[in-house]
1. Quick one: which residue in S70, S56 is modelled with pLDDT of 95 or more and open to solvent by 60 Å² or more (accessible area, probe 1.4 Å)?
2. Hey, can you tell me all the residues within region 102-116 that are at pLDDT below 95 and of a type in the set (A, V, I, L, M, F, W, C)?
3. Condition first: open to solvent by less than 30 Å² (accessible area, probe 1.4 Å), of a type outside the set (V, I, T) and in a strand (DSSP E or B). Now tell me which residues in region 73-115 satisfy that.
4. Just one of V12, V2, V60, V29 is in contact (Cβ under 8 Å) with a residue 12 or more places away in the chain and in contact with an Asp or Glu (Cβ under 8 Å, 6 or more places away or on another chain); which is it?
5. Step by step: first the residues of region 6-27, then only those that are among the hydrophobic types (A, V, I, L, M, F, W, C) and either open to solvent by 30 Å² or more (accessible area, probe 1.4 Å) or under 17 Å from the mean Cα position of the chain (by Cα) (or both), then the one that is nearest to V110 (Cα to Cα). Which residue is that?
6. Scan region 49-75 for residues that are touching a Leu at 6+ places or on another chain (Cβ under 7 Å) and closer than 19 Å to W111 by Cβ and report the count.
7. In region 22-72, which strands (runs of 3 or more DSSP E) lie fully inside it and hold 1 or more residues that are closer than 23 Å to T90 by Cβ and aliphatic (A, V, I, L, M)?
Amino acid sequence: QVQLVETGGGLVLPGESLRLSCAASGSIVSINAMGWYRQAPGKQRELVARITSGGSTNYVDSVKGRFTISRDNAKNTVYLQMNSLKPEDTAVYYCNVDGVVTKVGWYHEVWGQGTLVTVSS
């Protein structure tokens, strides 16, 4: 069974930075894409950033130039560096991986439990 453990959320002031990490475990052989979604109170979950196994990235327009997604394939870990944070970035951030090949099976999609990011003065 594939599990995702997210770390790095917290409370910061506007303009500050945070780095989220998501480590996948479970006899993993390879992961196709890794990404971060977020859900603010009263809003739908949205894709924030995604990175493929080849390193191609895409971002929601509202975070372009401020957030950077990266991955360490050897550690099966994806990161989200968030700079110049704004109050509107406040949300629960969820890690997502898809196309996971393990030694015992294949998983279409796996979600993390979520980590809260609060940007407030």
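The values are calculated or read from the model by the stated rules, or taken from the named source; none is laboratory data. The shown structure was predicted, so the numbers you read here are calculated from the model rather than taken from an experiment. As a convention, Cβ positions derive from the backbone with ideal geometry for all residues, glycine included, and neighbour counts pool all protein chains shown. Just so you know, the surface numbers come from the protein's heavy atoms only, side chains and all, with ligands and any DNA or RNA stripped out. Shrake-Rupley method; radii C 1.70, N 1.55, O 1.52, S 1.80 Å.
1. None of the other options fit; the residue is S56.
2. V104, W106
3. Listed by number, the residues that qualify are L80, M82, A91, Y93, C95, N96, D98, G99.
4. Numbers: V12 fails: in contact with an Asp or Glu (Cβ under 8 Å, 6 or more places away or on another chain); V2 fails: in contact with an Asp or Glu (Cβ under 8 Å, 6 or more places away or on another chain); V29 fails: in contact with an Asp or Glu (Cβ under 8 Å, 6 or more places away or on another chain).
Result: V60 is the single residue among V12, V2, V60, V29 that is in contact (Cβ under 8 Å) with a residue 12 or more places away in the chain and in contact with an Asp or Glu (Cβ under 8 Å, 6 or more places away or on another chain).
5. This residue is A24.
6. Of the residues in that region, 3 qualify.
7. So the answer is 28-39, 46-52, 67-72.
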